[in-house]
Amino acid sequence: MRILGVNLSNNGSICLLNDGEIELYLEAERLTKKKRDSDCTKLFELVKDIDKVAISDACWNQNKKKTLITTKNISTIKKKFPNAERYDFRDRHHLTHAACGFYNSEFEEAAVIVVDSSGSNFEEGDECETIFHVKRGRRFHWKVLHKRYNTVDNYGIGLQFDLVSEKCKWGRMEAGKVMGLAPYGEYIEGQYLASSNENAAATIQKDWEDRAVELVKIAAKKCSNIVLTGGCFLNVVVNYKLLKEFPDLNFYVDPIAFDGGTAIGAAYILHNNPKIKSY
């Protein structure tokens with residue numbers, strides 16, 4: 001069975017899963033030379049004989065240009081792979097992150113922590129934290145242990161990193177630069193965005209370190225194997241602190257924790273849950 005996972009959002013990417021093994025993974029920006037490009041049309045030329053297509057995410061309604069790119073990609077998928085069954089996981093953003101991390105680990109069972117700026121939209125808001133309990137096996141076992149949403153008056157850590165990044169005039173999605181700036185500032189109680197760029201970076205970095213410890217404590221109540229994924233876990237300072245703080249736990253940090261990895265996750269979900277209906 002040849003399954004093509006596709007992410008049409010930021011860090012556009014494809015993953016070709018051949019009988020459960022990754023045969024190809026590639027990001028659009030590697031060919032287009034545009035950072036975080038979501039246009040995967042050039043990537044589709046690299047694969048053929050696809051049985052199923054699993055779409056993990058897409059840029060709908062963000063702006064006119066990105067919506068047009070998404071429409072073009074969907075049309076290309078239909079033309080390029082007319083006989084392939086298509087599956088839509090665009091309302092399961094954190095689940096596709098978690099599947100990428102878990103199925104690439106060696107764990108038979110794990111608690112998977114997903115933290116990013118903003119995932120799928122629910123009635124409560126955009127998901128920003130999720131903890132899953134996962135087991136391998138013929139039965140698709142995914143249980144939600146914890147869920148948090150971005151709301152108007154309560155932003156998650158990922159969105160707060162974006163706000164600091166914008167404050168520094170870098171635009172959004174530059175959390176790595178914020179992490180690098182953090183050692184030059186001091187922790188500020190209260191309205192840290194009104195302080196200097198350095199202090200704002202130091203404050204959100206410390207807040208994320210503390211929050212990550214809290215999330216691991218929640219996850220560890222269920223399982224000693226912990227998978228970390230979602231863009232916020234690209235923060236190496238946080239990951240190192242967790243390794244030192246919890247020496248008795250087994251950690252796997254997803255190396256493709258950003259949105260590009262959701263293409264892998266969508267393909268894995270489909271491979272391990274064949275009863276999902278196509279559209």
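Points worth noting:
- Derived scalar couplings between HN and Hα for segment 78-92 equal 5, 6, 6, 10, x, 9, 7, 6, 10, 10, 10, 10, 6, 9, 9 Hz in order, rounded to whole Hz, by the Karplus curve 6.51 cos²θ - 1.76 cosθ + 1.60 (θ = phi - 60°), x for Gly and Pro.
- Mean Cα-pair separation over length for segment 11-136, i.e. relative contact order, pairs under 8 Å, 6 or more apart, %: 17
- Going by neighbour counts of Cβ atoms within 10 Å, the residues Leu228, Leu46 line up, fewest first, as Leu46, Leu228.
- Label point 7 Å beyond Cα of Tyr240 along Cβ direction - residues of segment 194-225 with amide nitrogen under 15 Å: 206, 209
- Note, ³J(HN,Hα) from phi for segment 234-246, Karplus 6.51, -1.76, 1.60, rounded to Hz, x at Gly and Pro: 7, 7, 5, 5, 5, 4, 5, 4, 5, 4, 6, 6, 10
- A cut-off of 5 Å between modelled amide H atoms, ignoring neighbours fewer than 5 places along the same chain, links Ile188 with Thr203.
- Distance from the alpha carbon centroid of segment 233-278 to that of segment 179-212 works out to 26 angstrom.
- Extension gain (nm, one decimal) between Glu214 and Lys48, 0.36 nm per residue minus Cα-Cα: 55.3 nm
- Under Karplus coefficients 6.51, -1.76 and 1.60, residue-wise ³J(HN,Hα) of segment 258-266 in Hz, glycine/proline x: 7, 4, x, x, 5, 5, 5, x, 4
- Paired Rg and Dmax values of segment 107-253, which use every Cα atom, in angstrom: 15.8, 53
- Cα lying deepest toward the dipole's positive end in segment 70-160, options Ser120, Tyr87, Tyr103, charges on Cβ: Tyr87
- Sequence-separation-based contact order of the chain, relative, with Cα cut under 8 Å and 6+ spacing, percent: 23
- Considering only the chain, percent of DSSP beta bridges that pair antiparallel, nearest 5: 65
- Relative to the longest principal axis of the Cα atoms of the chain, the long axis of helix 197-220 lies at roughly 70 degrees.
None of the figures in this text is laboratory data; all of them are computed from the coordinates on show. In this text, all values refer to a predicted model and were calculated from it rather than measured experimentally. Here the Cβ is made from the backbone with ideal geometry for all residues, glycine too, and neighbour counts use every protein chain on show.
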